[in-house]
Amino acid sequence: MNWMLLVIAGLLEVGWAIGLKYSHGFTRLWPSVWTAMAIVVSMVLLSVAMRSLPAGTAYAVWTGIGTVGTVILGIVLLGEPATLASRDLHRPRPARDHRTQGALARMSRQLGPHVHDLRHTFASHVMKRGGKVAERWEILGHAASDRSGRWKQSGAAPC
């Protein structure tokens, strides 16, 4: 009986995970109501099933059903890609245009030198952990990669 409750709880997890997408951030009434109800009932059934089932096993089964079901319904209902990785992960990021660079520079001036220092500190940590100069270049928002690489070649700290 507890295994049946666990399977139903897992299926309800699929329902609320997909319901989150349809609720548009809880801005649509009925999908939001369904999602909230599915969350509550799924959790209650999980907790009832865990009275006699080992916690690790019950949780693994519950999340497994939820994960596999959400992936399948995401492909079938939402038209999500059926690949292991999102295509967006492999797509190069667009270069910043001059307007964005100008806005970042104005914001940095308005907030003071601390923002500039924080960006450089973070970029330095990225480089110390094996980051590429191109990553540093993007973090700093430099217009040319030679500005980001110049300090590394000299061994001096970035300004």
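The figures follow:
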read-out: Residue count, segment 29-52 (criterion: surrounded by 14 or more Cβ atoms within 10 Å (Cβ to Cβ) and not in a helix (DSSP H, G or I)); value: 1
read-out: Residue count for segment 53-69, restricted to those that are open to solvent by 70 Å² or more (accessible area, probe 1.4 Å) and not in a helix (DSSP H, G or I); value: 1
read-out: Any hit, segment 15-33, residues being under 12 Å from THR63 (Cα atoms) and within 19 Å of the chain's Cα centre (by Cα); value: yes
read-out: Out of ARG106, ARG91, sole residue that is at negative phi, at pLDDT below 95 and assigned to a helix (DSSP H, G or I); value: ARG106
read-out: In segment 19-48, the residues that are over 15 Å from GLY64 (Cα atoms) and in contact (Cβ under 8 Å) with a residue 40 or more places away in the chain; value: LYS21, LEU45, VAL48
read-out: Segment 1-25, residues that are modelled with pLDDT under 95, open to solvent by 50 Å² or more (accessible area, probe 1.4 Å) and under 21 Å from GLY79 (Cα atoms); value: LEU20, LYS21, TYR22, HIS24, GLY25
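The values are calculated or read from the model by the stated rules, or taken from the named source; none is laboratory data. Predicted model only: the values in this text are computed from it and were never measured. Cβ coordinates were reconstructed from backbone atoms using ideal geometry, including for glycine residues, and neighbour counts include every protein chain displayed. SASA here: full protein model, heavy atoms, side chains in, ligands and nucleic acids out. Shrake-Rupley method; radii C 1.70, N 1.55, O 1.52, S 1.80 Å.
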